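The values are calculated or read from the model by the stated rules, or taken from the named source; none is laboratory data. From a predicted model like this one, the values you see are computed outputs, not experimental measurements. Note: ideal-geometry Cβ built from the backbone for every residue, glycine included; neighbour counts use all protein chains shown. Surface areas here come from the heavy atoms of the whole protein model, side chains and all, with no ligands, DNA or RNA. Shrake-Rupley method; radii C 1.70, N 1.55, O 1.52, S 1.80 Å.
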Amino acid sequence: KDVRSALMIGTDLGAIRDLVFPGGDLLGWPVAKGDPAYTAIADLPASTQELFTYDAAKAKQMLTAAGFGSGYKVTLQIQANDEKQANFAAALVDQWSKLNVTLAIQVLDSAAFTANGNNRTYDINTMIMSTANPIVPENWAHTVPNPPNNSNIYLLTENFTTMYQTMIAESDVTKRTQDIKDL
């Protein structure tokens, strides 16, 4: 978790957004800006806001504290037919090199990429997606035990399950919007 947080802080998300999705939002998934359940970065807890604030020096300190100060090598899998993933990967190679992280890129055809994603046979893979329905990502994360679309390997706790079941059963828009924000 500490390494993942360090890499997030050591990634200039604004630069990547401008390269891959010009004019996009830094936090547009799982709930997009304009949806009543959207929460702006400024309204998130400070510990979460920090993840969206680029600070390579802090990221290097965090990696050192986690035992990776001298660097390490990791492989990112991308799909051969996805220019956005290729641009994203190239930006990460450059940015993470400043953190002493060597990022190797493994280009796979769609079938191999999907199979590796479903089986979680990767160091890092990419998932670029959008949705107009904020229930969809939570549904993907919850549909089966150890679901393949739970790419962040979010721990499905009893509390998450209860909140999820409440959210999908709620027909009142105002209450459901709050349930989505809470989840």
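For the reader, a short list of remarks on this structure follows.
- Computed from phi, the 3J(HN,Hα) profile of region 65-80 under the Karplus parametrisation 6.51, -1.76, 1.60 (θ = phi - 60°) reads 4, 8, x, 10, x, 7, x, 6, 10, 9, 10, 10, 8, 9, 8, 4 Hz, with x in place of Gly and Pro.
- Per residue, the accessible area of region 1-102 comes to 55 Å², computed with a 1.4 Å probe over protein heavy atoms only.
- Normalised contact order of region 1-110, rounded percent, pairs of Cα under 8 Å and 6 or more residues apart: 31 percent
- Cβ-Cβ FRET estimate between residue 162 and residue 97, R0 fixed at 45 Å, reported to 0.05: 0.55
- Under 18 Å from the residue 2 label point (7 Å along Cα→beta-carbon), backbone N, region 72-100: 72-73, 99-100
- For residue 105, distant residues with modelled amide H under 5 Å away: 76
- Of 1/58; 1/73; 1/84; 73/98; 33/60; 60/181, pairs whose Cα-Cα distance is over 22 Å: 1/84; 33/60; 60/181
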